[in-house]
1. Taking only pairs six or more apart or across chains, which ones have beta-carbon atoms under 6 Å, a first residue in segment 252-281 that is over 15 Å from Ile415 (Cα atoms), and a second residue that is of a type in the set (Asp, Glu) and at pLDDT below 95?
2. In segment 277-297, what residues are crowded, with 24+ Cβ neighbours inside 10 Å and among the charged types (D, E, K, R)?
3. Out of the residues in segment 196-217 meeting the condition of being surrounded by 14 or more Cβ atoms within 10 Å (Cβ to Cβ) and under 16 Å from Leu457 (Cα atoms), tell me which one is farthest from the chain's Cα centre (by Cα).
4. Which one is surrounded by the most Cβ atoms within 10 Å (Cβ to Cβ), of the residues in segment 220-264 that are aromatic (Phe, Trp, Tyr) and closer than 19 Å to Glu164 by Cα?
5. Having 2 or more residues that are of a type outside the set (Ser, Thr, Tyr) and either assigned by TED's automatic domain parsing to the domain that holds Trp152 or more than 29 Å from Ser153 (Cα to Cα) (or both) is the bar; report the helices (runs of 4 or more DSSP H) wholly within segment 256-361 that clear it.
6. Identify all residues within segment 177-191 that are within 21 Å of Leu167 (Cα to Cα) and not charged (D, E, K, R); write none if there are none.
7. Looking at Ala5, Ala20, which one is of a type in the set (A, V, I, L, M) and not in a loop (DSSP other than H, G, I, E, B)?
Amino acid sequence: MKKQAHRIIWVDDEIDMLAAHISFLEQKGFSVTACSSGEDAIEAIKTSEYDLVLLDEMMPGMGGLETLESIKEIRSHLPVVMVTKSEEESLMEDALGKKIDDYLTKPVNPSQVLMVIKKHLQQNKIVTGQLGRRYIADINRMNMAIGSANKWSDWVDAYRLLCEWDLELSRYHDDALLDTQRGMRKDWDLQFARYYEKNYEKWVNSDPSKRPPLSCDILDRVVKPRLIDGQQVVFIVIDCMRLDLWMMLEDLLSDMYHFEHEYYFSIIPSATPFARNAIFSGLFPNEVSKLFPDDWKAYPDDEISRNRREGELIKGWVERNKINLKNGSQYLKILNARASQGLPKKIESFLSSQLVSLVVNFVDVLTHGRSSNVLLKEIVPDEAAFRGLMRTWFEHSTLYDTMRMLAKKDVTVVITSDHGSTLCQRGTIAHGKKDTSTNLRYKYGDNLNCNPKEAILIKNPDRYKLPTFTMGTTYIIAREDFYFVYPNKYNEYQRQFQNSFQHGGISMDEIILPVAILRPKR
């Protein structure tokens, strides 16, 4: 079936002199209706559907601005391009105030007219065609790079490219490209899990200069040099924030701050009790567990208590590194909306100290809440919706207010995350006893077992710098988009956790994390 031509209405009191222009557009496949007055144009728009209006600004009777106003009252979303002899600023302001979509300055030539029409009517089609070519070129280039990837930075580049394309593709509804992107993510996650598993044990037992930056290296690598240099540092950890989510926030902060970017790999399990303690202490989990043995007794269902020492941990890190802070350090954790009230004032009162640390739990709460809340699942059906909700939250959050306040100060803001999350699609069976931990992407307990193709089994936790609770302590860590289910609860877990965001496993979304260093533009 032949596609219907786009319909354009051209309004000009000297319309007969535009016959050549109209003929040119019709040859290009557009249907053009000619009107010699604003009154005629209004009647035509009331009775027929059009895709775009070309509107002369200077006409006897009903002038261009008056006609524009009437058109928008009838069809508010109908694009209107003003054609004018004048470039006076006041005229443009009046036109923009009345919701003009674009303008051309007389004399116009056919190519100019065609260009502005395509911009408004065919932009998505043109951009999508170019998008596909750019996407394939980028993916092919990166496939070659990670095919022989020996450097951790190759995986950072690959993941950053995927996130950039996630954001760009979400603006266009090209099912073929979106399917390709999902397939590419799955393939690269599989390759990344193999790379990570192959190297991880060696990394945690080597010198920090000979491995990728890990969770326990962030303070030493990013915060310490700036403190020694005398800078005041506000260190912010947004729990469970992935790289694509950070990209949404960065866009909102770009007018206020200059950015430097670094990246690091989360330790495993890529979950709060392990990864965030490693960040604030500069230590691996087995070392943290020895500092506070009462917090790390065997297999509690409630792991929240294991993250109640972050303020103490960062003070311990300062002391071990013999950093002489001006007026010490301050620590604040925001667990809910009530705790966030007055956040900018709280942080400002802390700024007498050289180091201020802040943990924000909103994204983690949203991630967990979505698994059990039908309404949240409806609002956030996929990752694009998750990013959109993250942006909406941040725009209206006290954290954003805090960032605006800090942009007026002489401070360095370091923002990072303790781990990301991945959208789980496949269940994998875990074998363990009743006292096994309840997490869906990782578990620890006595003599656990799993499918070696879908998860990794850690029989010697010490070699992975993980706490040992009993003689038989083992860990299992899910790869890619798998989540653990028990044989006797397989269908129940499938119903509840299929297509849920989880963390603690090995995927690019959970492991490869941003560190942004922000300086105010003042």
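1. Within 6 Å, the pairs are Pro273/Glu303.
2. None - no residue of segment 277-297 is crowded, with 24+ Cβ neighbours inside 10 Å and among the charged types (D, E, K, R), so the list stays empty.
3. Result: Glu201.
4. The extreme case among them is Tyr264.
5. So the answer is 285-291, 310-320, 337-340, 343-350.
6. Leu177, Leu178, Thr180, Gln181, Gly183, Met184, Trp188
7. Among Ala5, Ala20, only Ala20 is of a type in the set (A, V, I, L, M) and not in a loop (DSSP other than H, G, I, E, B).
Yes/no matrix, rows are residues, columns are (1) of a type in the set (Lys, Arg); (2) surrounded by 22 or more Cβ atoms within 10 Å (Cβ to Cβ); (3) not assigned by TED's automatic domain parsing to the domain that holds Gly369:
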{"site": "Lys409", "(1), (2), (3)": "yes, no, no"}
{"site": "His431", "(1), (2), (3)": "no, no, yes"}
{"site": "Thr438", "(1), (2), (3)": "no, no, yes"}
{"site": "Glu454", "(1), (2), (3)": "no, no, yes"}
{"site": "Thr468", "(1), (2), (3)": "no, no, yes"}
{"site": "Gly472", "(1), (2), (3)": "no, no, yes"}
{"site": "Ala478", "(1), (2), (3)": "no, yes, yes"}
{"site": "Asn488", "(1), (2), (3)": "no, no, yes"}
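The values are calculated or read from the model by the stated rules, or taken from the named source; none is laboratory data. Just so it is clear, the model here is predicted, and its values are computed rather than measured. Reconstructed Cβ throughout: ideal geometry from the backbone, glycine too, with neighbour counts over all protein chains shown.
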